[in-house]
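Single-structure report; data block below.
The values are calculated or read from the model by the stated rules, or taken from the named source; none is laboratory data. Remember, it's a predicted structure, so these values are computed and weren't measured experimentally. All Cβ positions, glycine included, derive from the backbone under ideal geometry; neighbour counts span all protein chains shown.
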Amino acid sequence: MAQGPFGYVNFDDEELNDKEKIPDILTAVTDLYTGSKTLLIDEIQNIPGWELLANRLARQSYTVYITGSNAHLLSKELATHLTGRHTVTTIFPFSFTEYLRTKGGEYTESECRALLVEYSANGGFPEALLTTIDRKEYLIRLFDAVVYKDIIRRYQIRSPQGLGDLAQYLCSNVAGEYSVHRLSQVSGCRSDRTVRKYLDYLEEAFLFFSIPRFSYKVKEQVLANRKIYCIDNGFVTAKGFRSSRNDGSLTENLVAIALRQLELAGTLNLFYWKYANQQEVDFVLLSSGKVIALIQVCTDLNDDKARRREVNALLTAGRDLACENRIILSMDEEHTASEEWFGIQGVIQYIPLWKWLQEPREIF
């Protein structure tokens, strides 16, 4: 981070969202911070042509820290205009490890499990955790503000109702498969093309991300349904419609977030797997063209039918994808077991989710 004196400008203020004012703003910052050559600029994407401003500051030997809630667009535009002169860092809401740090102290295994249930429902946005504000109200306002400022206003969406309905539906169906055509029906959007565009906007605004079905054939990957996940469980519980608590989708979403961070860091590529008989593996991890791990998420392994379903899918996928690193993440179990199903044999690691979330890299 910045060392010594620095200037700060927040372009989330509508009075500053005029590129004609940029020279005056820079003059004011220089005068206020006695000529500091380090600037922290927040929500810069609100300024039309902001990348030209960043380029100009770089040429003038400023050290510039740019933050924004539209990470994908920031990356693409910076790559175009500041090639080789910038570093991108993606910041997620608090991980489970960081969440534990906000509580302070050390915890037993049973306490970690209890805190994981709490974290799964509350999410990891710092302000909602570290202040006394109403968590649900704050997250709803934050979610709606991102939709309005980073999507509706930026892209001048004329009929925002369809976008809002789509975002609400996705929050209510995290960890589920989707097809664009089905989403166009449930959201009331006029065309599949519009839904594709809205999905891109929601991912660019860092609200959701999706993962493709694994296949060695690119065409099959493109045509198959994808699975949708939200960037934070707090958004899911605050914005999603849930007739009953669904711990399974919330815990799967936590695992997806942790793996997504590794994917953005360039460690792996993330997929899910589905067989013709509807057997499914939640996560397939690919590195250098090789499947390095298969992961199932199951909150209740006391259900014999659920346990058998998860094990059978892992054994089948392990055989078909030539991967012996098979993992089941649950709330409690920690052991390794040899399993068999219709002649398919393999070893499966059972890892408690509360432990894995603190060291997700250790699986490969």
_Based on this model, can you work out whether Leu315 counts as outside the structural domain of Ser172 (by TED's automatic domain parsing), among the aliphatic types (A, V, I, L, M), over 26 Å from Thr237 (Cα atoms) and assigned to a strand (DSSP E or B)?_
no
*Quick one: would you say Ile351 is free of Cβ contacts under 8 Å to residues at least 40 places away in the same chain, crowded, with 17+ Cβ neighbours inside 10 Å and within 30 Å of Glu111 (Cβ to Cβ)?*
yes
*Considering Leu139, Leu170, Leu166, which residue is buried (at least 18 other Cβ atoms within 10 Å of the Cβ), closer than 22 Å to Phe283 by Cα and either outside the structural domain of Tyr119 (by TED's automatic domain parsing) or not basic (Lys, Arg) (or both)?*
Leu170
*Selection count where residues are touching a Lys or Arg at 6+ places or on another chain (Cβ under 8 Å) and part of a helix (DSSP H, G or I), scope the stretch 33-49*: 2
*Go through the stretch 222-237 and give me each residue that's in contact (Cβ under 8 Å) with a residue 40 or more places away in the chain and either buried (at least 21 other Cβ atoms within 10 Å of the Cβ) or assigned to a helix (DSSP H, G or I) (or both).*
Lys227, Ile228, Tyr229, Cys230, Ile231, Asp232, Asn233, Gly234, Phe235, Val236, Thr237
_Restricting to the stretch 184-206, name every residue that is in contact with a Leu (Cβ under 8 Å, 6 or more places away or on another chain) and either closer than 14 Å to Tyr272 by Cα or in a loop (DSSP other than H, G, I, E, B) (or both)._
Cys189
*Counting only residues that are closer than 16 Å to Leu57 by Cα and either in contact with a helix residue (DSSP H, G or I) (Cβ under 7 Å, 6 or more places away or on another chain) or in a loop (DSSP other than H, G, I, E, B) (or both), how many does the stretch 15-32 have?*
2
*Scan the stretch 52-63 for residues that are in contact with a Ser or Thr (Cβ under 8 Å, 6 or more places away or on another chain) and either part of a strand (DSSP E or B) or modelled with pLDDT under 75 (or both) and report the count.*
1
_Residue in the stretch 322-364 that is nearest to Asn302 (Cα to Cα), counting only those that are part of a strand (DSSP E or B) and among the small types (Gly, Ala, Ser)_ = Ser330
*Hey, can you tell me all the residues within the stretch 316-343 that are at pLDDT 95 or above and among the hydrophobic types (A, V, I, L, M, F, W, C)?*
Ala317, Leu321, Ala322, Cys323, Ile327, Ile328, Leu329, Ala337
*Which of the residues spanning the stretch 118-151 are part of a helix (DSSP H, G or I), touching a residue at least 12 places away in the same chain (Cβ under 8 Å) and of a type in the set (A, V, I, L, M, F, W, C)?*
Ala121, Ala128, Leu129, Leu130, Leu139, Ile140, Leu142, Phe143, Val146, Val147, Ile151
*How do the strands (runs of 3 or more DSSP E) wholly within the stretch 248-304 filter down when requiring 2 or more residues that are over 18 Å from the mean Cα position of the chain (by Cα) and under 20 Å from Glu333 (Cα atoms): which remain?*
290-297
*Restricting attention to the stretch 26-41, and to residues there that are among the aliphatic types (A, V, I, L, M) and at pLDDT 75 or above, which single residue is surrounded by the most Cβ atoms within 10 Å (Cβ to Cβ)?*
Ile41
*Is the stretch 266-277 home to any residue that is closer than 30 Å to Leu207 by Cα, touching a residue at least 12 places away in the same chain (Cβ under 8 Å) and small (Gly, Ala, Ser)?*
no
*Return only the number of the condition from (1) crowded, with 20+ Cβ neighbours inside 10 Å; (2) touching a Phe, Trp or Tyr at 6+ places or on another chain (Cβ under 6 Å) that Cys323 does not satisfy.*
(2)
*Residues within the stretch 203-222 that are closer than 15 Å to Val146 by Cβ and modelled with pLDDT of 95 or more, tallied*: 3
